[in-house]
Each structure stands twice: as C-alpha cells, then as structure tokens.
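Asker: Sharing a structure below in structure tokens format, with a few things to ask.
The values are calculated or read from the model by the stated rules, or taken from the named source; none is laboratory data. Since this is a predicted model, take the numbers as computed values, not measurements. Neighbour counts run over all protein chains shown; Cβ positions are idealised from the backbone, glycine included. Protein only, heavy atoms only, side chains kept; ligands, DNA and RNA dropped before computing areas. Shrake-Rupley method; radii C 1.70, N 1.55, O 1.52, S 1.80 Å.
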Amino acid sequence: MNAGVLSFMGKGEKVMFKKGNSKRWKALSLAVALYVGGGQLSLEHVNAADVTGRDVLVNGTPAHPIPAAPVAGGAITNSSDAGNVYGNKLTLDGASAWFLGYVYGGYTLGAGNAYQNELIMKNGAYIGNNYNPGYAAYGGWAQNGNATNNTITLNGNGALSYYGTHLYGGWSNNSAADVKTGNKLRIIGKDNYGDSVNNFEKMVFELNSAVASGDTMLTINTQNSTQTFDWNKIEVTNAATWTGTTGLKPITLYTGPGLTLDNYDLLKWKSVTSDGKFEYGWRANVTSATPGTPTTITNATKLFFDRNQFKGVDKTITSAPSDNIAYGGLSTLGNTTTGNKLTLDGASAAFIGYAYGGYTKAETGDSTGNELIMKNGAYIGNNYNPGYAAYGGWAQNGNATNNTITLNGNGALSYYGTHLYGGWSNNSAADVKTGNKLRITGKDSYGYSVNNFEKMEFELGSAVGSGDTMLHVCTQNSTQTFDWRNIRVTGLRAWAAALAANNVNTPTLTLYTGPGLTLNNYFPTIVGTRGDYEFGKRANGTLSGTTMTGASNLIVDGNRFQNAGKNQNVTTPGATLRGTYAGLSVYGNTTNHNELNLTGGSHANARAGYTDAQNGGSDYNTLNLLAGGSVTNGYAGYTEGVHLLVNPEDEDHPELVDTTKNADAKNNTVNIKGGT
C-alpha cells in the first residue's frame, strides 16, 4: 500500500488524495466518500494518523514553556489510533527546563510504533532529582508497538540527573515488542549523568575541545538490569581530530554499573596517527581478555578513551611530577613503546615514586629501545622512603629489552631509594634483560639495587679522577650475572689527557662497588689505549675457570707505557714485585720512549720500559744510571711478550693479537754516568 495516499472507488473511477493534516484529512475522506454516491471507501494506508517531523524546544521561558503531559517531540494520545510516531525531536535546554515527570522523543498510546525519534537534554536540563528520583527519559515510547532506532542525546544534562533520570532508548508495555534495536545513547562533551541506562543497542561518545584528560563524559548511578552491548557498537567520534594527550588520566567515557560487552577486543578501536607516534582509541577497564580475540567480558564498570605518544618522546623534567610518576613514551592501547627518552635533571626533579623510559601499560605490547636519564642530583625515593624504582622499559605483559638507564651524578639518596631495572614485565615468561644497558657517565652515581641488565657501560671523562668511584650500589634483590665482555669502558681519550696533564702514571678507578656479581668469561682485559696510557679492567671476586663469583668491585687500572719518566729522578726502589720501572704495560702494548733516571737508592731490578704481558715489545727506552744510584739488574727495554696487538686503540676489540708479528726489545739505550 502507498503510505501517503487515500483512494476512493465511485462512479467507475478512482480518486486519490495525498495525506495531510490528520483531522482535516479524515473529514475530507468522509466528504468525498459521500459525494461519490454510494461509492466504496478504501483506506489503503491503515496508519493514517502517523506523527512525524515535529521539533519541540522546551527551555522554561514563556516562548517555550513546559507543556502538559506527555512532554514529547511527537505524540499520539488516542489509544485507538494505529499511527506511528517517527522522526520527531524534543529538546530540553537549560536548568529552567527541569520538572518532575517524564519526557519522550516520540510517544504513542495507540497500536503503532515509535521509531527514529530523538530526545536531547543539554545545558543543565534534567528530570527529577535526589529528592524526587525515579523519573525517566525515553527516546521512544509505545504502548503496544516497537520502540526502535531512537536516540537520547546528552550534552551537559545536569548532575541531578544522576539521581533523577532513568534513560531508556525505547519502551513498550508489550513485553514481546522490540525496544532495543538501533536505539542509541549519544553523549556530547563532558559531565553528563543518568540514574540508569536501559534498552540501548549503541553508545556514541562525541569528543570536543572542552573535554580534557581526566574528564568524565557519562556517569551512571545504578541499574535496573545488567546492560549488554556489542563492543563493535560503542564508538567515539572526533577521535582522530582530538589532539590532546591523556597520559595516565584517560578520558572516562562511561563510569557506572558493570556492563557486559560482547566481542570485546582491545585492538578493535586502536588507531595510530599518520606519523606513527601517537595512539588513540577506547577500551574497557578489564585485563582478562586476549587482544585480537573478540570475547565476552562482564562487569566493565569504566570505558576509557586514550591518546598518548608511544614513540619518539624526548622529555626533560626539572621539577617533581605532581602525581609522583614520570615516563617518556606511554601506551595504554597495546603498542610497543620505543625510541623514547626521559631525563630527570637536578635535585628539584627528585620525587618519591616511579620513572620509566618507556611504559607499556596494556595487555599487549613490548617496551624496547627506550632510555631513562637521571643526572645532576636527581633521584627517586630516599633513605626514609626506600624501595621505589626506575625502569628503562616496562611492559605489562610483553618483553622489555634493549633499554638503557643512564646515571650521571644522580644523587646519593638513590643509594637508599632507587631500584634500577633495565626492563620489567608482570609476565614471568617475558624477556626483560636482553640488550638492556646500565650506562654510567662520570663519577658518584648511585642505586639501591641493579636488576635485569645485560650490559654495563662506564663512560670516563676529564672530570673523573684517579681514585674515584663511578657507581655505588647498596643491596641486591638477586645475584646479577654479566658476561665480562658486556662490561665496557669508553671515553678513554679524555681521561688519558687529564691523567697526562696531572702526570699520573698508574691511575686506578673503581667502576662498580656493591653486592657481589657473577661474571662469566672473565679474564683481565685491555679496554683500550689512548695517548700514553693503556687501560684494563679487572674484578676482585673468586675465580673458578672463567667464572668469577662475588665480584664486589670492578676496577680499571691504567699504565703509562710510553713517554713516562722523562726528566724525573728516581731515588726510591719500587715496592712491588716488578721492581723499579718508568713505563709499564700489562695488557700487551709495546713500551717505548720511556726514561728511567736512577739518582739514588739500590735497585734489584730496574727497567725503563717493562712489558709484563703475553704480547707487546719494548723499544726506544733509555735507562740512565747516574751518580748516587745502584742497580743489580738493569734494562732499558724488557718484554715477556711473544706477539703484537693488532690495534690497541680499536674501540671494540683492542685485545686482538697479530700472530704474524713478533715482540722485540730493540733500539734501547743504557747510559752509565757515575752510578754502579
């Protein structure tokens, strides 16, 4: 049947009229039927009394007062009317639109349906209050028919709605009617409320510029029954264009009684900006579901919207964060935090809490390639508040690898307060060690404990003096194990220049002092040659084969193997088993151009150049035995070496040996001028 045509058969012809105003149309129908003289009246559209297209504003002013019940966008109040109510709108605008009662986008007391109607409540409008609870707002209401595809829109509808306004997408007194299909609850902006939510198939949250991190868009008080939504039908609009960041204070889309969510999947609504650095999306406050596997979850009491930078953050903090937590990159939606850097700079940046280079606070996602820097007195925790922690990377369930913590004079109170973790995960099967590095630059850095690092790197410089300590550690959660080859020393050139300027021939430096470490593949090792100096690393534990245990000190020793002793007079014999010497190598360099001037004392063994190593020669050295000095065994050049090193100044492998070249002791000179 044509939904908008009335036709009559009479006198051999059919007369048709388009539907108009309901009462006038019925009168016209009757008049035409009588006119055609015994003709047959045919109502081809039985829903002749449809109500549609009405747009009603109520704001409590004389121009738009609160009307008599039913307060509706469109209404049929005749129980015998079979028409439908559809496409109507009622807007309650402002607190002056408040009253005790019921409101409807569309309402029918007849046999028809109520569909595609909208009820809007905004700018403080509400129904009922805490003294008069239990009133209701309906998108569509039908006495006997269906109430589907209706919308309730809330746009700052007033906090008293929390107590007074039950929200219904649809309602019917016919228990067999459909009162849910297509019904939508639309939330615009923040600070919207309801006593309960009922009979909606969809929820849509519309972000705007007034919504900020930590805001709540919809707060619900109670429930008449548990509401179930398909996760695919909960959406956020303007998500891609909202440009704020939420951090650990997400926008709460919904908070209230627990919802049941079918087909829930964290990954469903996760998006990434075109530059690949920011994530945005929405999620529920559950952690039991497996991302990528849609499932039904229950008791989702909160829905959140997040937007955060998970990649490429470079942030410096110079004052304590107000919430006692600091991070570089953050993901709450399951992306891998990577390539982020957080710097805590200065004592004013110290706080009691936790810091993360990369922080993946989600059911999926790793944390890799991030860095946390603490310098110039910055620390976390203290002797009164111990046990706080700094993480290079942290992943709730994923791996945390290839992260770095850098300490550069991070404050003595870290010795009591700051656990240092290269990586951490709540998943005991995750990899939280591979590639993680603890990097120490300069002297006097501290930690309460060291955990989950594969590497340690000590970066020297001119400000580090012989006799200094670079890293002090208080205690341990468990014995930490390192491959000796993964403990590196860099920055030797600047350190060597400073040592030479201060005429230090045998420098020593404590890299680490603290609980005993286990060191695999241990052997005293050259770490490099710079200028006149060679440097090697060693530890002080108990050695069994190539494994050392209980290594509580890691030490760098330096020797000046060339240009030592020039214009210096020696009157006291050496106190070690090596006797008296000017230039010394114990790591395989060729001692050269050293000068030993003996002007006093009795020396059992004196060597101007002394190579006490498996490799390295001794060339171009000079021993001057002068008046007042005596020697039993004197050598200008002396070596225990067999071969020569390939390149002792190589940054990565200074220890490599060239077996095709032999170590010599050549072009050395002994001068005797009055000595014996």
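Asker: Assuming a ≥ b ≥ c are the square roots of the Cα gyration tensor eigenvalues, decide whether the range 475-547 counts as rounded (a/c under 1.5), prolate (otherwise, with a/b larger than b/c) or oblate. Walk me through the numbers before you get to the answer.
Answerer: Working: a/c = 2.62, a/b = 2.04, b/c = 1.28.
Judged from the Cα gyration tensor, the range 475-547 comes out prolate (a/c at least 1.5, a/b above b/c).
Asker: So, for the chain, what is the accessible surface per residue at a probe of 1.4 Å, expressed in square angstrom?
Answerer: Roughly 41 Å² per residue, with all protein chains present.
Asker: OK, next. When Cα extents along the principal axes in Å is calculated directly from the model, which label among [x] 105, 58, 49; [y] 88, 60, 57; [z] 156, 53, 40 fits?
Answerer: The value computed from this structure is option [z].
Asker: Report the local net charge at residue 456: Lys and Arg +1, Asp and Glu -1, summed over other residues whose C-beta lies under 13 Å from its C-beta. Don't jump to the answer; show the numbers that get you there.
Answerer: Details: positive: 433, 437, 439, 455, 485, 488, 537; negative: 454, 457, 459, 483.
Residues close to residue 456 contribute a combined charge of +3.
Asker: Which residue, 502, 464, 192, has the largest displacement toward the positive end of the dipole of the chain when charges sit on each Cβ (Lys, Arg +1; Asp, Glu -1)?
Answerer: 192
Asker: Once you list every other residue whose beta carbon is under 14 Å from the beta carbon of residue 262, what net charge do they have if Lys and Arg are +1 and Asp and Glu are -1? Intermediate values should be presented prior to the final figure.
Answerer: Numbers: positive: 180, 202, 233, 268; negative: 201, 230, 265.
Charge balance in the 14 Å sphere: +1.
Asker: What angle do you read, to the nearest 10 degrees and between 0 and 90, between the alpha-carbon axis of helix 492-501 and the longest principal axis of the chain?
Answerer: Result, in degrees: 40.
Asker: Show that you can apply the helix-only estimate: for the chain, add -39,500 (n - 2.57) for every DSSP H stretch of four or more residues, divide by all residues, and state [θ] at 222 nm to the nearest 500. Intermediate results must be reported in sequence, preceding the final value.
Answerer: On the way: 4 runs with 32 residues, N = 676.
Dividing the helical sum by the residues of the chain leaves -1500 deg cm²/dmol.
Asker: Same structure, new question: Using a Cα-Cα cut-off of under 12 Å, which aspartates and glutamates could be cross-linked to residue 666, ignoring same-chain neighbours fewer than 8 residues away?
Answerer: Those aspartates and glutamates meeting the cut-off are 619.
Asker: Using the structure shown, select from 89/190; 277/433; 361/443; 433/661 the pairs with a Cα to Cα distance greater than 31 angstrom. Walk me through the intermediate numbers first.
Answerer: Values: 89/190 22 Å; 277/433 25 Å; 361/443 34 Å; 433/661 41 Å.
Listed pairs above 31 Å: 361/443; 433/661.
Asker: Additional query: Which order do the peptides 654-667, 577-590 come out in when sorted by mean C-beta neighbours inside 10 angstrom, highest first?
Answerer: Values: 654-667: 14.6, 577-590: 24.0.
So the order, starting with the most tightly packed, is 577-590, 654-667.
Asker: Just to confirm the number: angle between the C-alpha axis of helix 22-35 and the first principal axis of the chain, 0 to 90 degrees, nearest 10?
Answerer: Its long axis makes an angle of about 40 degrees.
Asker: Within a Cβ distance under 13 Å of residue 530, other residues only, what is the Lys/Arg minus Asp/Glu net charge? Don't jump to the answer; show the numbers that get you there.
Answerer: Numbers: positive: 493, 560; negative: 532, 534, 649, 650, 651.
Cβ neighbours under 13 Å give a net charge of -3.
Asker: By a straight-distance test (C-alpha under 17 Å), which aspartates and glutamates pair with residue 455 as possible cross-link partners, with residues fewer than eight away in the same chain excluded?
Answerer: 371, 431, 483, 651, 652
Asker: Related question: Return the percentage of antiparallel bridges among DSSP beta bridges fully within the chain, rounded to the nearest 5 %.
Answerer: Values: 52 of 208 bridges.
Bridges in the chain are about 25 percent antiparallel.
Asker: To continue, here is another question. Once you keep just the Cα pairs under 8 angstrom separated by 6 or more residues, what percentage relative contact order results for the range 155-198?
Answerer: Working: 59 pairs, mean separation 28.1, N = 44.
Once divided by the residue count of the range 155-198, the mean separation gives 64 percent.
Asker: What size of dipole, in debye to the nearest 20, comes out for the chain about its Cα centre when the only charges are +1 on Lys and Arg C-beta atoms and -1 on Asp and Glu C-beta atoms? Numbers along the way, then the final one.
Answerer: Values: 46 positive and 47 negative charges, 282 e Å.
Charge dipole of the chain: 1360 debye, to the nearest 20.
Asker: Going by average Cβ density within 10 Å per residue, which order do the peptides 562-568, 270-276 take, highest to lowest?
Answerer: On the way: 562-568: 17.1, 270-276: 12.6.
Order by mean packing, descending: 562-568, 270-276.
Asker: Something else now. With a 10 Å radius around each residue's Cβ, average the other Cβ atoms per peptide and rank 176-187, 458-469, 104-115, 82-93, highest first. List each step's numbers first, then the result.
Answerer: Numbers: 176-187: 20.1, 458-469: 18.2, 104-115: 27.7, 82-93: 24.1.
Going by the mean number of other Cβ atoms within 10 Å, highest first, we get 104-115, 82-93, 176-187, 458-469.
Asker: How big is the Cα convex hull of the range 129-249 in projection, averaged over all directions, in nm²? Working shown, then result.
Answerer: On the way: hull surface 32.3 nm².
Here the figure is 8.1 nm², rounded to one decimal.
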